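The values are calculated or read from the model by the stated rules, or taken from the named source; none is laboratory data. Everything numeric here is computed off the predicted structure, so don't read it as measured data. Please note: Cβ atoms are built from the backbone with ideal geometry, for glycine as well, and neighbour counts cover all protein chains shown.
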2 protein chains.
Amino acid sequence: MALSTRIVPLVAALALATCAAAAPSRDAGESYVRPAAPPVPADNAMTPARIELGRTLFFDPRLSGSAWISCATCHNPALGWSDGLPTAIGNGMKTLSRHTPSILNAAWYKRQMWDGRFASLEEQALGPIGSADEMNLGLDEMVRRLKDIPGYAPLFERAYPGEGIAARTVARAIASFERTVVSGESPFDRWQQGDARAVGDDAKRGFEIFRGKADCVACHQGANFTDDGFHNVGVRQRDGVDDPGRFAKVPVKAMKGAHKTPSLRDVAMTAPYMHNGAYRSLREVVEMYSRGGDVHDNLDPNIRKLDLTAAEIDDVVAFLQSLSGAPVQVAIPQLPN
Amino acid sequence: MALSTRIVPLVAALALATCAAAAPSRDAGESYVRPAAPPVPADNAMTPARIELGRTLFFDPRLSGSAWISCATCHNPALGWSDGLPTAIGNGMKTLSRHTPSILNAAWYKRQMWDGRFASLEEQALGPIGSADEMNLGLDEMVRRLKDIPGYAPLFERAYPGEGIAARTVARAIASFERTVVSGESPFDRWQQGDARAVGDDAKRGFEIFRGKADCVACHQGANFTDDGFHNVGVRQRDGVDDPGRFAKVPVKAMKGAHKTPSLRDVAMTAPYMHNGAYRSLREVVEMYSRGGDVHDNLDPNIRKLDLTAAEIDDVVAFLQSLSGAPVQVAIPQLPN
């Protein structure tokens with residue numbers, strides 16, 4: 001299916017190129033239907049007790065060296081599960097070099113982080129905790145701390161009977177919670193289900209451009225609007241940082257400056273944009289793509305000058321805005337003591 | 001009434017002193033009945049729109065210079081609306097010298113902050129935002145920023161029609177929200193209403209000691225368990241900080257080292273304790289009072305050696321734990337952009 005969704009829009013793009021005045025039409029496109037439950041690893045079935053423990057850990061600042069930074073500090077539910085900043089702030093309030101990726105729909109990603117260095121949510125969950133630049137808490141110390149909080153023992157026992165408080169159970173619980181942080185039904189989804197009035201004509205035209213003339217679906221494809229791949233799309237540098245991206249993990253030329261394709265669901269909630277937050281608004285991002293990228297060294301072959309008109313850019317932005325669903329409602333836990 | 005609650009327990013204490021084996025008895029004590037709605041200033045009536053705006057601002061990190069620290073970062077709903085740390089962490093992750101006071105029941109305080117330097121929630125709300133050590137955002141810049149976020153204009157217009165985005169409306173909205181952060185009904189309250197089984201015998205005995213032998217009610221009196229006064233209760237120093245407390249604002253000898261009497265409702269949720277977080281647990285606090293304080297310079301006349309037995313200390317702790325109500329449920333807002 002991934003292959004066909006990559007090819008069909010290219011054909012559609014060619015068709016549109018010779019028929020620019022074609023009326024916008026709703027796509028039957030099953031591949032854009034909002035995904036159901038995310039995949040779950042065989043050794044970490046989702047249970048209410050695991051989700052509850054994960055939610056508790058996610059909001060607990062004692063998972064940082066300072067006991068002041070929780071997962072939710074940067075993956076802030078009030079800001080689309082990101083932080084609203086160009087690049088993240090970490091331990092000591094040091095400014096880091098990459099934009100905090102939203103947790104939303106991370107459940108479907110095949111690899112986690114901008115450079116894809118973690119293969120699962122379970123692997124990823126411990127990364128920022130242990131990183132000296134981020135939460136700065138050694139995992140042994142994390143386990144000691146959690147064991148010192150009597151209220152945690154029963155939560156772990158209910159979630160992972162007999163397994164105890166350990167890095168592995170912490171990681172699996174947080175991953176279980178993160179699998180509940182998924183986008184709600186959006187106007188786009190309602191339109192796809194047949195409600196012609198769910199989105200405006202601008203969003204409908206924008207979707208045609210998105211999968212046609214602009215060929216955004218070359219990478220932002222399928223239900224989660226991502227190919228789970230890595231691409232150098234010509235993002236301008238910020239503060240002189242030349243980020244190798246995926247190349248640091250997979251040293252082949254195509255990966256130089258390549259970053260993971262993020263989901264576009266709820267994308268309107270997570271400004272600023274790109275791996276380094278260099279673009280403040282969706283409009284700025286679409287304009288960058290229209291120019292064919294801002295840095296042309298090692299550019300992904302999918303990126304080319306589009307010369308969208310201002311009206312077309314408006315339409316694509318309207319389409320992207322139509323991908324915002326009702327916010328995930330997560331109650332703030334009462335942390336154990 | 002304040003006068004009578006100060007005198008009666010002293011009499012009761014004397015009575016208990018001569019009759020140590022007196023059976024615990026439930027107090028009719030109207031003064032301990034959970035308070036109804038908090039007082040509201042005439043110029044800031046509580047409306048749903050004001051509470052909603054205040055909630056939004058309370059969770060918005062853009063009210064700090066770094067755009068990373070919100071009111072909720074330190075007044076964390078997951079940690080009893082405090083931060084679980086001995087003393088607060090501020091801008092640049094600098095450790096400050098005082099414990100973050102809980103927002104819970106601040107609605108009833110006659111003065112805000114440990115040193116009482118603000119007379120109302122409205123005054124207080126802007127203090128930490130503008131403080132270079134805390135959120136570090138000048139109020140003019142705060143107003144400019146909020147005006148630059150289009151989604152805020154309608155929230156302000158609904159809350160304060162015609163008044164616009166200004167320091168005064170920000171302060172009043174946050175104060176309106178804070179007046180909703182009040183303790184829920186506790187086991188103690190149910191006991192006071194006549195449910196004899198709502199608390200254990202230990203808590204009942206602890207309450208007798210609290211208002212009798214230990215005379216805690218000399219300061220922790222009435223429905224909110226505070227006299228709204230300032231007292232030097234002999235708290236040990238942390239990190240060599242000699243905190244003048246209320247004396248810095250009211251330079252009379254009795255105020256040297258005196259800090260505000262906090263409410264005890266939900267006190268089990270807000271460890272560590274005292275203005276400098278020097279005591280990790282309620283038991284450590286009760287032990288300190290039993291010793292007659294740890295520093296005896298300029299001690300409040302209400303503080304004296306109590307020599308409570310280990311069992312009596314257990315009972316007072318059980319009573320304090322019975323003051324925890326169901327947590328305030330506050331939904332995380334979606335911040336405007």
Next on the checklist: Checking the structure you have, find out if any residue of region B:95-107 is of a type in the set (G, A, S) and at the interface with chain A (Cβ under 9 Å from one of its Cβ atoms).
Outcome noted: no
Item to check | Members of region A:301-330 found to be at the interface with chain B (Cβ under 10 Å from one of its Cβ atoms) and either of a type in the set (K, R) or without any contact (Cβ under 8 Å) to a residue 24 or more places away in the chain (or both), listed by number | outcome: A:Q329
Checklist outcome for this item: Scanning region B:50-69 for residues that are more than 18 Å from A:I332 (Cβ to Cβ) and touching a residue at least 24 places away in the same chain (Cβ under 8 Å) gives B:R50, B:L53, B:R62, B:L63, B:S64, B:G65, B:S66
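Can you say whether B:S66 is of a type in the set (S, T, N, Q), in contact with a strand residue (DSSP E or B) (Cβ under 7 Å, 6 or more places away or on another chain), within 14 Å of another protein chain (Cβ to nearest Cβ) and within 27 Å of A:T95 (Cβ to Cβ), as far as the supplied structure shows?
Numbers: of a type in the set (S, T, N, Q): yes; in contact with a strand residue (DSSP E or B) (Cβ under 7 Å, 6 or more places away or on another chain): yes; within 14 Å of another protein chain (Cβ to nearest Cβ): yes; within 27 Å of A:T95 (Cβ to Cβ): yes.
Yes.
Within the group B:A132, B:A153, which residue is closer than 27 Å to B:P244 by Cα and either modelled with pLDDT of 95 or more or crowded, with 17+ Cβ neighbours inside 10 Å (or both)? Show your work before the answer.
On the way: B:A153 fails: closer than 27 Å to B:P244 by Cα.
Criteria check complete, one pass: B:A132.
Tally time: how many residues in region A:184-238 are among the acidic types (D, E) and over 23 Å from A:D300 (Cα atoms)? Steps first, please.
Of all residues in region A:184-238, those among the acidic types (D, E) come to A:185, A:189, A:195, A:201-202, A:208, A:215, A:227-228.
In the following step, the residues that additionally are over 23 Å from A:D300 (Cα atoms) were identified as A:185, A:189, A:195, A:201-202.
Total satisfying the criteria: 5.
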Item to check | Test result for A:T261, among the hydroxyl-bearing types (S, T, Y), away from chain B (no Cβ under 14 Å), free of Cβ contacts under 8 Å to residues at least 60 places away in the same chain and touching a Cys at 6+ places or on another chain (Cβ under 8 Å) | outcome: yes
Item to check | The one condition in (1) in a loop (DSSP other than H, G, I, E, B); (2) more than 14 Å from chain B (Cβ to nearest Cβ); (3) of a type in the set (A, V, I, L, M, F, W, C) that A:A271 fails to fulfil | outcome: (2)
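Among the residues of region A:39-52, are any over 21 Å from the mean Cα position of the chain (by Cα) and within 14 Å of chain B (Cβ to nearest Cβ)?
Within region A:39-52, the first condition is being over 21 Å from the mean Cα position of the chain (by Cα), and the residues that meet it are A:42-45, A:47-50, A:52.
After this cut, where a residue has to be within 14 Å of chain B (Cβ to nearest Cβ) as well, the list is A:52.
The answer is yes; a qualifying residue exists.
If only one of B:G240, B:G184, B:G164, B:G194 is within 14 Å of another protein chain (Cβ to nearest Cβ) and assigned to a loop (DSSP other than H, G, I, E, B), which one is it? Break it down stepwise before answering.
Numbers: B:G240 fails: within 14 Å of another protein chain (Cβ to nearest Cβ); B:G164 fails: within 14 Å of another protein chain (Cβ to nearest Cβ); B:G194 fails: within 14 Å of another protein chain (Cβ to nearest Cβ).
Result: B:G184 is the single residue among B:G240, B:G184, B:G164, B:G194 that is within 14 Å of another protein chain (Cβ to nearest Cβ) and assigned to a loop (DSSP other than H, G, I, E, B).
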Checklist entry - Mind checking which residues of region A:74-92 are within 17 Å of A:A106 (Cα to Cα), more than 7 Å from chain B (Cβ to nearest Cβ) and assigned to a helix (DSSP H, G or I)? => result A:C74
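How many residues does region B:156-183 contain that are under 14 Å from B:Q124 (Cβ atoms) and either touching a residue at least 60 places away in the same chain (Cβ under 8 Å) or buried (at least 21 other Cβ atoms within 10 Å of the Cβ) (or both)?
Qualifying residue count for the region: 11.
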